[in-house]
Amino acid sequence: MSVDEERVRTLMSTLKRRGIVYPAFELYGGVAGLFDYGPIGARILRLVNEMWLNHWLKKGNIVEIDSPTITPNEVLEASGHVGAFNDHAVQCASCNSVSRADHLLENFVSNPDSLSSTELDNAIHANNIVCPSCGKSNWNNAEPMNLMFPTRLGPVGDGRMAFLRPETAQGMFTNFGPLYRHFRQRLPFGAVQLGKGYRNEISPRQGMIRQREFNMAELEYFIDPEDSETLDVIFDSEIELHLLPESDSQSTSTTQMSMSSAIESGIVRHPIVGKFMMDTHELLTTLGIDSARIRFRQHENNEMAHYASDCWDCEIHGSYGWIECVGIAHRGCYDLDAHASASSSGELMAWREYEKPIEVDEIRWIPIQANIGPIFRQDAAAVIQSLEQIEDSPDSLPFDITLMDGRKVSIKDGMVESRRIQKTVNGEWFTPHVIEPAFGIDRIVWHILDHAFDRTEKDGENYDVLRLNECVSPYHAVVLPLFNKEGMPEIAKDVFNRLCAHHGIVPSIDAFGKSIGRRYARADEIGIPWAITIDHQSVEDGSVTIRRRDDQKQIRMQIDELIDSLCSGNLAHSTKWNM
RNA sequence: GCGAGCGUAGUGUAGUGGUUAUCACCCCACGUUGCCAACGUGGGAACCCGGGUUCAAAUCCCGGCGCUCGCACCA
């Protein structure tokens with residue numbers, strides 16, 4: 001678990017020196033928790049985002065949306081990010097250290113996290129709680145601790161309260177209606193969003209791992225909880241994942257098993273969760289994360305948000321130890337229900353057709369509203385609601401009903417009329433459940449770099465190679481004239497231009513001044529997989545050499561052939577490498 | 001937020017009150033060079049910010065900012 005400080009330092013300074021990632025605003029002394037992606041890093045970030053996006057879009061029933069990062073208070077209040085569910089912090093007036101109020105009270109009152117600020121203050125005084133760092137009992141008032149960045153809409157006056165979003169998920173939930181219509185009202189479907197999230201961390205640590213503004217990518221996959229879709233892919237796959245189930249959370253060693261047996265044994269509680277775990281593993285390994293350093297850790301029941309029924313963190317092992325990079329949570333109907341109730345909208349539901357229509361033929365007591373209103377006045381609505389919810393209608397009047405708040409009222413002649421209801425019910429509205437894989441993109445980029453960074457020795461000196469997979473390397477190839485004479489720079493420029501002309505190909509050129517060895521080394525250090533060298537023979541017969549980054553092996557090809565195989569992605573498979 | 005340590009070119013560093021601020025890598029130009037961080041010549045580039053003490057501060061003191069670690073925090 002320990003941090004490899006030496007490696008972190010080396011990697012950080014390389015990332016900075018080569019323009020990959022470095023602290024932001026260093027011109028003004030730097031700002032904790034904010035990072036810049038430089039020219040190379042921004043390319044890598046872009047490619048990771050694209051790979052992530054395409055991975056999901058290719059499923060066929062998943063689309064991308066893009067919603068604002070500025071989110072009004074009401075949305076985040078409904079989601080539980082602000083308001084009653086906030087944790088409270090108290091500061092010690094003697095030593096200024098800050099503690100969580102509910103943690104201090106844990107052994108003294110039950111459910112301390114449900115108390116208000118005033119109740120917390122009272123409980124702290126009543127139980128004579130002492131400060132864990134200085135031992136005194138001299139507290140300031142408890143204050144809600146909110147890790148979101150607040151703002152207001154409008155430059156003057158008391159504009160509408162808003163926050164920078166702490167996650168992208170709320171955009172997908174508030175868009176459920178349009179998404180449901182886009183998918184022609186058919187579940188399951190998903191929506192993804194890539195973008196910035198903001199959390200005002202008390203103290204950001206561990207470099208890129210905990211930032212105040214970060215790149216996230218989330219998928220919200222909406223399902224019918226009663227639909228037991230069978231997923232052949234799970235049972236056809238023989239891939240084994242490293243799992244750390246909640247049942248043996250004390251254990252530090254993982255269990256290796258296939259997803260089908262994990263689901264059959266009940267460890268993974270929902271097949272879609274299992275499917276997304278497999279997808280996550282596939283995507284991460286494609287990006288260049290070492291499969292042996294990926295594990296899935298199941299949340300313990302007390303760690304899981306109260307609405308979730310199952311949650312797995314995908315952790316990647318790197319120079320900081322095991323770090324959570326992806327969370328896959330079964331969130332049930334919590335989010336859509338929360339927004340439905342806060343917005344009083346009926347839009348966040350889906351329709352489920354019954355296999356066979358239900359024929360209804362029953363006698364019901366229908367309220368006569370013109371009479372119930374004057375009799376019950378402010379309680380009239382509650383009475384009508386309770387009448388509608390009666391399962392077995394009594395045969396005769398009068399009878400008693402129980403209101404929502406527990407009070408009983410008597411229903412007498414004149415308040416209701418008996419009516420026979422005959423109808424066909426074809427289906428019902430329900431709140432879909434949602435399964436959410438949430439990716440911390442910066443953490444994934446960090447681990448891609450961490451796993452790719454390879455320090456070897458060459459002639460007694462350090463030699464660094466960034467062994468990035470081709471799909472995330474910043475340039476497809478670098479073009480190098482061997483010498484700055486005999487027409488080599490001109491041919492190099494021509495090859496470079498021809499590569500540029502191909503859609504989607506981004507080449508680099510390193511033409512002047514330095515020896516060929518140094519220029520190979522520069523390319524290796526930022527992970528360029530192929531180096532195309534223009535030499536004396538190129539001048540004579542139009543052939544060039546191609547050097548493979550990972551083993552420095554070189555082959556020779558005609559320029560046309562090279563451009564074709566590079567642009568079609570077949571260069572790695574050329575039979576010439578075997579010769 | 002608390003505590004401890006630290007902050008010198010792009011990177012890694014030397015420098016305990018008076019230096020033209022050390023060294024290496026690096027970057028650029030010119031020349032040389034027949035393929036893996038070559039060589040020659042020339043050039044570029046730093047004391048985190050602000051205040052104080054002192055004739056004099058990179059160096060001592062205070063504050064801020066930043067980094068690392070421990071505690072707390074990570075909804």
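Taken as a whole, the structure places A:Ala101 among residues that are in contact with an Asp or Glu (Cβ under 8 Å, 6 or more places away or on another chain), hydrophobic (A, V, I, L, M, F, W, C), within 10 Å of RNA strand B (Cβ to nearest atom) and modelled with pLDDT under 95. Being within 20 Å of A:Cys325 (Cβ to Cβ), near RNA strand B (Cβ under 9 Å from one of its atoms) and either assigned to a helix (DSSP H, G or I) or in contact (Cβ under 8 Å) with a residue 24 or more places away in the chain (or both) is the requirement here; does A:Val48 meet it? Spelling it out, it is not the case that A:Val48 is within 20 Å of A:Cys325 (Cβ to Cβ), near RNA strand B (Cβ under 9 Å from one of its atoms) and either assigned to a helix (DSSP H, G or I) or in contact (Cβ under 8 Å) with a residue 24 or more places away in the chain (or both). Restricted to segment A:478-503, and to residues there that are free of Cβ contacts under 8 Å to residues at least 60 places away in the same chain and within 35 Å of the chain's Cα centre (by Cα), the residue that is nearest to RNA strand B (Cβ to nearest atom) is A:Val478.
Within segment A:177-193, residues that are farther than 15 Å from A:His433 by Cα reach partners that are assigned to a loop (DSSP other than H, G, I, E, B) and of a type outside the set (Asp, Glu) with beta carbons closer than 9 Å, at six or more positions or on different chains, in the pairs A:Pro178/A:Ile65; A:Phe183/A:Asn61; A:Val192/A:Ile65; A:Val192/A:Thr168; A:Gln193/A:Ile65; A:Gln193/A:Ser67; A:Gln193/A:Thr168. Close contacts from segment A:9-21, counting a first residue that is part of a helix (DSSP H, G or I) and a second that is within 7 Å of RNA strand B (Cβ to nearest atom) and not small (Gly, Ala, Ser), with Cβ to Cβ under 9 Å and a gap of 6+ residues or different chains, come to A:Thr10/A:Asn462; A:Thr10/A:Asp464; A:Thr14/A:Asp464; A:Thr14/A:Glu525; A:Lys16/A:Pro23; A:Arg17/A:Glu525. Looking across segment A:104-126 at every residue that is surrounded by 12 or more Cβ atoms within 10 Å (Cβ to Cβ) and modelled with pLDDT of 80 or more, the one that is nearest to RNA strand B (Cβ to nearest atom) is identified as A:Ile124. The listed residues are A:Ser515, A:Ser508, and the only one of them that is more than 9 Å from RNA strand B (Cβ to nearest atom) and among the hydroxyl-bearing types (Ser, Thr, Tyr) turns out to be A:Ser508. Quick check: anything in segment A:133-143 among the basic types (Lys, Arg) and either within 35 Å of the chain's Cα centre (by Cα) or away from RNA strand B (no atom under 13 Å from the Cβ) (or both)? Within segment A:133-143, none of the residues are among the basic types (Lys, Arg) and either within 35 Å of the chain's Cα centre (by Cα) or away from RNA strand B (no atom under 13 Å from the Cβ) (or both). A:Pro23 falls short on exactly one of the conditions (1) within 8 Å of RNA strand B (Cβ to nearest atom); (2) touching an Asp or Glu at 6+ places or on another chain (Cβ under 8 Å); (3) modelled with pLDDT under 80, and that condition is (3). Checked against the criteria, A:Leu147 does not count as modelled with pLDDT under 95 and in a helix (DSSP H, G or I). A:Phe35 falls short on exactly one of the conditions (1) away from RNA strand B (no atom under 16 Å from the Cβ); (2) surrounded by 15 or more Cβ atoms within 10 Å (Cβ to Cβ); (3) not small (Gly, Ala, Ser), and that condition is (1).
For every residue, the table says whether it meets (1) more than 15 Å from A:Arg498 (Cα to Cα); (2) modelled with pLDDT of 95 or more; (3) under 39 Å from the mean Cα position of the chain (by Cα).
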site: A:Pro529; (1), (2), (3): yes, yes, yes
site: A:Val539; (1), (2), (3): yes, no, no
site: A:Arg549; (1), (2), (3): yes, yes, yes
site: A:Ile555; (1), (2), (3): yes, yes, no
site: A:Gln558; (1), (2), (3): no, yes, no
site: A:Gly569; (1), (2), (3): yes, no, yes
site: A:Trp577; (1), (2), (3): yes, no, no
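Given the condition exposed (fewer than 15 other Cβ atoms within 10 Å of the Cβ) and in a loop (DSSP other than H, G, I, E, B), answer yes or no: does some residue in segment A:528-548 qualify? For segment A:528-548, residues exposed (fewer than 15 other Cβ atoms within 10 Å of the Cβ) and in a loop (DSSP other than H, G, I, E, B): present. Of all residues in segment A:342-361, exactly one satisfies the criterion of being surrounded by 12 or more Cβ atoms within 10 Å (Cβ to Cβ) and either of a type in the set (Lys, Arg) or at pLDDT below 80 (or both), namely A:Arg352. Within segment A:150-188, the set of residues being aliphatic (A, V, I, L, M), modelled with pLDDT under 90 and closer than 30 Å to A:Arg100 by Cβ comprises A:Met161 only. Return yes when A:Ser203 is within 16 Å of RNA strand B (Cβ to nearest atom) and loosely packed, with under 13 Cβ neighbours inside 10 Å and no when it is not. Against the criterion (within 16 Å of RNA strand B (Cβ to nearest atom) and loosely packed, with under 13 Cβ neighbours inside 10 Å), A:Ser203 qualifies. Scan segment A:186-201 and give yes if some residue there is in a strand (DSSP E or B), among the charged types (D, E, K, R) and on the phi < 0 side of the Ramachandran plot, otherwise no. Among the residues of segment A:186-201, at least one is in a strand (DSSP E or B), among the charged types (D, E, K, R) and on the phi < 0 side of the Ramachandran plot, which makes the answer yes.
Which residue out of A:Pro367, A:Pro437, A:Pro432, A:Pro398 is more than 30 Å from A:Trp312 (Cα to Cα) and in contact (Cβ under 8 Å) with a residue 40 or more places away in the chain?
Selected residue: A:Pro367, the only one of A:Pro367, A:Pro437, A:Pro432, A:Pro398 that is more than 30 Å from A:Trp312 (Cα to Cα) and in contact (Cβ under 8 Å) with a residue 40 or more places away in the chain.
I'd like the residue in segment A:60-98 that is modelled with pLDDT under 95 and among the charged types (D, E, K, R) and, out of all such residues, is nearest to RNA strand B (Cβ to nearest atom). Filtering segment A:60-98 for residues that are modelled with pLDDT under 95 and among the charged types (D, E, K, R), the one nearest to RNA strand B (Cβ to nearest atom) comes out as A:Asp87.
The values are calculated or read from the model by the stated rules, or taken from the named source; none is laboratory data. A quick note: this is a predicted structure, and the numbers were derived from the prediction, not measured. Neighbour counts run over all protein chains shown; Cβ positions are idealised from the backbone, glycine included.
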